[in-house]
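The structure appears below as C-alpha cells.
The values are calculated or read from the model by the stated rules, or taken from the named source; none is laboratory data. Everything quoted here is computed from the prediction, not taken from an experiment. Note that each Cβ is placed from the backbone with ideal geometry, even for glycine, and that neighbours are counted across all protein chains shown. When the accessible area is computed, the model is the full protein with side chains, heavy atoms only, and any ligands, DNA or RNA have been set aside. Shrake-Rupley method; radii C 1.70, N 1.55, O 1.52, S 1.80 Å.
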Amino acid sequence: MTKHFPLKTRHRKASRYSKHLKKMNDKHVDTAIMEVSSHALSLGRVHGCDYDIAVFTNLTQDHLDYHKTMDEYRQAKSLLFSQLGGAFNHENPKRAVLNADDEASAYFEKVTAAHISTYGIKNNADVMAKDIKTTAQGTSFELVTNKGTKHITMSLVGQFNVYNVLAAVATCIAAGIPFETITEAVEELHGVRGRFELVNQQQEFPVIVDYAHTPDSLENVLKTCRDMAEGKLFVVVGCGGDRDKTKRPKMAKIAVELADEPIFTSDNPRSEDPRAILRDMEAGVENEYYHSIANREQAIFFAIANAKKGDVVLIAGKGHETYQQIGNETFDFDDAEVAARAIVELNKNKTNS
C-alpha cells in the first residue's frame, strides 16, 4: 500500500518519524510516499501520521502467523482508510485509491469518509488499462482516465505491473499532477532489483528472479512467465520458516498447476528444518510431478542446467534479498548472482562438449 502526505507542517512532530522522514523534513521535502504494513497499523506504529492519500493494491494470503484469519488481516489494513478522517478540507481533501478488481475494496470504501478513486483492468474504474500486450521486453496498453487517454509502452513486464502502474497513475491524478507528466514518467519507468528481474548471461532462455512469496503473487508471475514460454516453464520456489504454514501447500499447488518443472527448495528456513518445510509443501501436491531439492543453490543450478531454448526459468521468493537465514546464522545469498553463475557454467559446458 502506498501513501502520500505533506511534511511541511510536521516539524514539531519530527520525533515521531523514522530517521529517514526526519532527514526529509530537515531538507524541506514536502511529499513522502510510504509503504505501511498491516503490522504497523495494528500495533499503532504510524500514530501521528496524517495521510492525504491511501492506496489499496490487493488482499491476498500473507502474515496469517500474526493476524490468524483473513478477516483480521483485512480489518488491520482497513485502519489506514478509516483513520483518514472525516474532516472536510476543500483545498486538500483526503483520498482513498482502491483497486476496483479486488473484492476487498468494497469493505474499505465503507469504512472511509475520504473521496474514492478507483483503478482496474476488469471492472469499470476511474483509471483503466485496456488492450494489454506483454512480451519479454515490456508491456503496452491503452491508459484510459478521466483526464485523458494515452497509449503506453513501458519496460515493465506483466499484468501485475500494469496494476501497480494504474495505482500510481490514480494516486498522481488524485494528487493533482498533470496527466502529461504522469504518462511521460510511466514510459520512463525501469524495474527494480528482484521484481521480475531478468538475468542475462547470453543464455538461450529467459531467467527471471522475482520476490513472489505469497500464493497470489506466485500465481500472477507464473501466468506472466507462461505467456512468454514457448517450451517448458521451470519454477524454483520455497516457503519461509517461522511464518504462515497454511500457505505452503497452496504455493506448491500453484507451482505444480502452472509450471512444467516445479522445483521445491528452501527460502529462509530460519529456525525450522528445511525438510519439514518441504514436507508441508509436498502435502498439497500428493501424487503430482515435482522435484524437491532442499539446497537452494543446487535447485537453481538444476533448473538452469535442464532448461533449453524456448523455456523460461523463474526463481521465486527472495527477489532482491542478498542473504539466506538458516538456523541462527545469516549467509550471503543472492538469487540473481547464483543464477548468473549457473548460466556461466551451463555455457562453459556447452562450449566444452
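When the residues of region 121-142 are filtered to those that are of a type in the set (D, E, K, R) and touching a residue at least 12 places away in the same chain (Cβ under 8 Å), which remaining residue is farthest from GLN159 (Cα to Cα)?
ASP126
Restricting attention to region 139-162, which residues are open to solvent by 50 Å² or more (accessible area, probe 1.4 Å), of a type outside the set (Ser, Thr, Tyr) and farther than 24 Å from VAL209 by Cβ?
Residues satisfying the conditions are GLU142, ASN146, LYS147, LYS150, HIS151.
So in region 163-184, with the set limited to residues that are open to solvent by 70 Å² or more (accessible area, probe 1.4 Å) and outside any loop (DSSP other than H, G, I, E, B), which one is nearest to SER117 (Cα to Cα)?
Within region 163-184, the match that is nearest to SER117 (Cα to Cα) is ASN164.
Can you list the strands (runs of 3 or more DSSP E) found entirely within region 298-353 that contain at least 2 residues being among the β-branched types (Val, Ile, Thr) and in contact (Cβ under 8 Å) with a residue 12 or more places away in the chain?
Where strands (runs of 3 or more DSSP E) fall fully within region 298-353 and carry at least 2 residues being among the β-branched types (Val, Ile, Thr) and in contact (Cβ under 8 Å) with a residue 12 or more places away in the chain, they are 312-316.
Looking at (1) modelled with pLDDT under 95; (2) touching a Ser or Thr at 6+ places or on another chain (Cβ under 9 Å), which is the only condition ASN347 fails?
All conditions are met except number (2).
On the basis of being in contact (Cβ under 8 Å) with a residue 40 or more places away in the chain, farther than 17 Å from LEU218 by Cα and either in contact with a Lys or Arg (Cβ under 6 Å, 6 or more places away or on another chain) or open to solvent by 30 Å² or more (accessible area, probe 1.4 Å) (or both), does ASN287 make the cut?
Criteria not met by ASN287.
Please verify whether LYS130 is in a loop (DSSP other than H, G, I, E, B), in contact with an Asp or Glu (Cβ under 8 Å, 6 or more places away or on another chain) and under 25 Å from LEU189 (Cα atoms), treating the condition exactly as stated.
no
Out of GLU197, GLU219, report the one residue that is open to solvent by 30 Å² or more (accessible area, probe 1.4 Å), acidic (Asp, Glu) and under 15 Å from GLU321 (Cβ atoms).
Within the list GLU197, GLU219, the selection yields GLU197.
For region 20-62, give me the residue count where each residue is exposed (fewer than 14 other Cβ atoms within 10 Å of the Cβ), under 22 Å from the mean Cα position of the chain (by Cα) and farther than 21 Å from GLY176 by Cβ.
Residues that pass the stated criteria total 2.
Being at pLDDT 95 or above and under 30 Å from THR69 (Cβ atoms) is the requirement here; does ASP210 meet it?
yes
Any chance region 318-330 includes a residue that's touching a helix residue (DSSP H, G or I) at 6+ places or on another chain (Cβ under 7 Å) and open to solvent by 40 Å² or more (accessible area, probe 1.4 Å)?
no
Identify the single condition in (1) open to solvent by less than 60 Å² (accessible area, probe 1.4 Å); (2) modelled with pLDDT of 85 or more; (3) among the basic types (Lys, Arg) that LYS110 does not satisfy, given that it satisfies every other one.
(1)
Taking strands (runs of 3 or more DSSP E) that fall entirely within region 1-97, which contain at least 1 residues that are of a type outside the set (S, T, N, Q) and at pLDDT below 75?
2-5
Please work out if LEU346 is open to solvent by 10 Å² or more (accessible area, probe 1.4 Å) and over 25 Å from LYS223 (Cβ atoms).
The answer is yes for LEU346.
The rows are residues; the columns are (1) at pLDDT 95 or above; (2) open to solvent by 70 Å² or more (accessible area, probe 1.4 Å); (3) within 20 Å of ASN200 (Cα to Cα).
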| residue | (1), (2), (3) |
| --- | --- |
| ASP273 | yes, yes, no |
| HIS291 | yes, no, no |
| PHE301 | yes, no, yes |
| VAL313 | yes, no, yes |
| ALA316 | yes, no, yes |
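Test ALA252 against the stated conditions and say whether it is over 22 Å from PHE333 (Cα atoms), open to solvent by less than 10 Å² (accessible area, probe 1.4 Å) and hydrophobic (A, V, I, L, M, F, W, C).
Here the answer is yes, as ALA252 does meet what is asked.
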